[in-house]
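Structure first, then comments.
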Amino acid sequence: MENKIKLDLIGITYNQIESGVYAVVLQESGGCLRLPIIIGTAEAQSIECKLQNVITPRPLTHDLMASMIRAFSLELQEVNLYRLPTGIFAADLVMTNGMQELRIDSRSSDAIALAIRCDAPIYTNRETLDEAGFDPEASRKEASQPEKSEEKADDGLEVLRKLGNVRLLEEMSVPELEEAMADAVAAERYEEAAEIKAELDKRKEE
């Protein structure tokens, strides 16, 4: 991976709009941009268990995978996250057996869960971070700016809650989307903000 940027794992956040959906939040090391990646419940629990040092009665799937890596004298050197053309995140597990480097395709959630168990660094590239990342402070400042129009649009976040489905963002106006994104980032609901940003980017391309 070219132009590698190291990421630090911030934590897990819950999507209040879509039940059972979580996002793992990473931040560029030494920087301000944060990268949210939507993951499932099982993966969120696995990552959270490791972050909280919860010892389960029996090994979780990612604990088993980490044990197998060590048992076969392999080493997870690093994880490289990137975004597919469809907008879904994926990852490469960069491993070594002491003689050659091995690259294994992985889901981003599985890669992160393994990385924190194997003490492996997590990287992405500048393109991915610029496209999908957010600066929380900048978004808060935007949200605090006074309305340019006397007629204030309905609160974007409230519209999202009423819709109950982020896939209906296309029905919202650009001002509503911008306000909703600022609110979501300020409240650190990054997975929600990512969906809104994707819709805004699509509008700009059109």
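Remarks
- In terms of its alpha-carbon gyration tensor, region 4-132 comes out oblate; a/c meets the 1.5 threshold, while b/c is at least as large as a/b.
- Nearest-0.05 FRET efficiency for Glu205 and Val54, computed from C-beta distance (R0 41 Å): 0.40
- Sorted by Cβ neighbour density within 10 Å, fewest at the top, the residues Cys49, Cys32, Cys118: Cys32, Cys49, Cys118
- Here the gap between Cys32 and Thr61, fully extended at 0.36 nm per residue and compared with their Cα-Cα distance, gives a gain of 7.2 nm.
- Ordered by the number of other Cβ atoms lying within 10 Å of each residue's own Cβ, fewest first, Glu176, Glu75 fall into the sequence Glu75, Glu176.
- Nearest-0.05 FRET efficiency for Thr41 and Glu137, computed from C-beta distance (R0 30 Å): 0.50
Since every read-out is calculated from the coordinates, none of them should be taken as a lab result. Worth saying up front: this structure is predicted, and the values here are computed from it rather than measured. Note: ideal-geometry Cβ built from the backbone for every residue, glycine included; neighbour counts use all protein chains shown.
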